[in-house]
Amino acid sequence: MKALTELAKRRGFFFQSSGAYGGVSGFYTYGPQGATLKEHVEDTWRERFSVAEGHMEVDAPTVMPEPVFEASGHLEGFDDMLVECAGCGASHRADHLIEDNTDIEEAESLPTDEVAALIDAHDIECPSCGAPLADQPVEEFNLMFETNIGPGTSQTGYLRPETAQGIFVEFPRLKEYARGQLPFGVTQIGKSYRNEISPRNALVRTREFTQAELELFVDPEGDGPDIASVADVELTLYPASEQPDGDYVETTVQDAVDDGVVEPWVAYYLGVAAEWYETIGVDFERFRFRQHQSGELAHYASDCWDAEADVSAPGEDAEWIEIAGYAYRGDYDLTKHDEHSGESFTVFKQYDEPKTVERASVDPDMSYLGPEYGGKAGAIADELESLAKRDRAAFEGEAVTVEVDGEEVTVPVEKTGFEVSEETEAGRHVTPHVVEPSIGIDRTVYTVLAHAYDEDEIDEGERTVLRLDPSVAPTGVAVFPLMDKDGMGELARDLAQDLRSAGYDVTYDDSGNIGRRYRRQDEVGTPFCVTVDYESVEEEPETVTLRERDSTEQVRVPTENLTSVLADLRAGETTFDDL
Ligand code: GAP
């Protein structure tokens, strides 16, 4: 991590923000290389998860009013465990202290008092100053950033802790765009904010980060997905039943579904995800899907598989980080927003044929209830109406009993106006279930960099190289004149322009010796470098050298073929060996 973060800073991938003012923990700026790499990762995600699947993309605000988070449960249940040091005042995540100082993994799922007891029992000390943390209270700390909307304090808002809520709150409108047809999916790429207690590991735990989320709305009684397109995709699964020391299950999407290991919709997206991770250069030797244990699940999820990547250096102990969650959120979110907002978060599901259904109703005799029960008569009528819908058998005797304000009231059935009638229904309202692939873009970028990072020995000596996949590398091709004289600079600039017009991210570099220029491009992961030399300007046909980053091999290519050769290499239709 140290070598990678140093490279990232030196070469402009990412660095801590506001450095001129001492920096602020948990906020990172992507430099020119990093911003392009991140954009490429986002583009490939959009292509695979949104465009190829026929979903709709939205772009919602990052600030949302308080009632949204009352409904979503984030005000009540989006907490981490905080312990503060009495010695130096540093704040720590209590569960992380347990994981760092004991054999316990996933301490997040333990109750607060148990975590406090473990800190005492293991004599855990403050990592910042060494003071004992025993006897310090462990408290729940809500991770949302609060703000005021407009001047004054009349309207409280929060920075969204997940992009998902920006999709859920717009469901009543989005379902219209989908013409009420399930399943339909809505995607969004955007910033989310969490006031993390102890941000750490560069891009891995930050306070502002980018998520790419898909909320897929499915009919809970409908057919599952057609998984044919990803049926044979291979998955490395780590089911909850095998944790913490069991075996991985090496399987395919089809078998995972057939064996009941993964819910079909979630399995489908694990397949889509595996294909995507492969295209952006994630190393599958250092990758797995790990199922959440029941105590780990977020308040809204009934099942979740995390994509996890090992970002340790070769030869070191594995260091798994969660880079995405693939969750089954059920009807939790839509039901909550339906209850709190007064809008309908259901879809109307039309039956193939209209159905005749029986409906129980009451029409209480108020000329009897009024004189008999006075001010309670209205509440009794409401209770009778609700009981008729729930339990029509209660009306089968001579009298029916309901509870109002804690008191039992018995009413003769003949005074309730109870009746069962037949009605024709064209369909009914259902609350869709939500399947959610939720990708952390920054952690994905970090993984891509960690898996691409290498140090090797070439003829010119040791080098650091990022073996980035061409689909995400910030620079597609670098163009160098051997020297900026005798027409070489001019030809190199023309070639760079032609390649830009053909859609390549091109870096033009004429400073320093050629070896140093190659080293610079190796460090930012540029797959190919083109050099214009004397032969290029003096001989016919006009040729340039094309150098491959990974092998450092070079070949001469006629300039008129350069664009098509690069396109074939990039598409994998030609290898450098073929050339
Ligand atoms: N909508 C579901 C959701 O937000 P999550 O597991 O809390 O689920 C999804 O977050 C992904 O967002 C994570 O897998 C991770 O990649 C990323 N993420 C979450 N917190 C983060 C943080 N503090 N810094 C960087 N990435 C984070």
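Details
- Residue match in the stretch 366-378 (condition: in a helix (DSSP H, G or I), on the phi > 0 side of the Ramachandran plot and away from the ligand (no atom under 16 Å from the Cβ)): yes
- Evaluation of G342 against (1) within 14 Å of the ligand (Cβ to nearest atom); (2) small (G, A, S); (3) under 23 Å from T431 (Cα atoms) (one fails), failing number: (1)
- Filtering the stretch 198-213 to residues that are at pLDDT below 95 and either outside any strand (DSSP E or B) or in contact with a helix residue (DSSP H, G or I) (Cβ under 7 Å, 6 or more places away or on another chain) (or both) leaves S198, P199, N201, A202.
- Only one of D232, D255 that is of a type in the set (D, E, K, R), away from the ligand (no atom under 16 Å from the Cβ), surrounded by fewer than 19 Cβ atoms within 10 Å (Cβ to Cβ) and in a loop (DSSP other than H, G, I, E, B): D232
- Strands (runs of 3 or more DSSP E) lying entirely in the stretch 437-533 (those with 2 or more residues that are touching a strand residue (DSSP E or B) at 6+ places or on another chain (Cβ under 8 Å), hydrophobic (A, V, I, L, M, F, W, C) and closer than 20 Å to L562 by Cα): 477-481, 528-532
- Checklist (1) touching a residue at least 60 places away in the same chain (Cβ under 8 Å); (2) within 16 Å of the ligand (Cβ to nearest atom) applied to R200, failing item: (1)
- Pick from the stretch 387-427, criterion assigned to a strand (DSSP E or B) and without any contact (Cβ under 8 Å) to a residue 12 or more places away in the chain, ranking: surrounded by the most Cβ atoms within 10 Å (Cβ to Cβ): T401
- The condition (being in contact with a helix residue (DSSP H, G or I) (Cβ under 8 Å, 6 or more places away or on another chain) and more than 19 Å from E66 (Cβ to Cβ)) is satisfied by just one residue among V347, V357: V347.
- Residues of the stretch 310-339 that are buried (at least 16 other Cβ atoms within 10 Å of the Cβ) and either near the ligand (Cβ under 10 Å from one of its atoms) or under 14 Å from P239 (Cβ atoms) (or both): I321, I323, A324, G325, Y326, A327, R329, D333.
- The stretch 12-36: number of residues that are in contact with a strand residue (DSSP E or B) (Cβ under 8 Å, 6 or more places away or on another chain), aliphatic (A, V, I, L, M) and away from the ligand (no atom under 16 Å from the Cβ): 0
- Pairing residues of the stretch 439-464 that are under 18 Å from A307 (Cα atoms) and more than 9 Å from the ligand (Cβ to nearest atom) with residues that are among the polar types (S, T, N, Q) and in a strand (DSSP E or B), at Cβ distances under 8 Å and at least 6 apart in sequence or on separate chains, gives no pairs at all.
- Going through (1) more than 16 Å from the ligand (Cβ to nearest atom); (2) closer than 30 Å to A313 by Cα one by one, P432 falls short only on (2).
- Filter result for E285 (surrounded by 15 or more Cβ atoms within 10 Å (Cβ to Cβ), of a type outside the set (A, V, I, L, M) and either within 12 Å of the ligand (Cβ to nearest atom) or outside any loop (DSSP other than H, G, I, E, B) (or both)): no
- Test for E53: is it without any contact (Cβ under 8 Å) to a residue 40 or more places away in the chain and acidic (D, E): no
- Segments classed as helices (runs of 4 or more DSSP H), wholly inside the stretch 2-78, with at least 1 members that are surrounded by fewer than 13 Cβ atoms within 10 Å (Cβ to Cβ) and of a type outside the set (A, V, I, L, M, F, W, C): 2-11, 74-77
- Filtering P220, P244 for residues that are away from the ligand (no atom under 16 Å from the Cβ) and within 30 Å of F345 (Cα to Cα) leaves a single hit, P220.
- Only listed residue being touching a residue at least 12 places away in the same chain (Cβ under 8 Å) and over 24 Å from G31 (Cα atoms), chosen from P527, P558: P558
- Inside the stretch 288-307, residues that are near the ligand (Cβ under 9 Å from one of its atoms) and at pLDDT 95 or above make up a count of 3.
The values are calculated or read from the model by the stated rules, or taken from the named source; none is laboratory data. In this text the structure is predicted, and so the values were computed from the model without any measurement. Neighbour counts run over all protein chains shown; Cβ positions are idealised from the backbone, glycine included.
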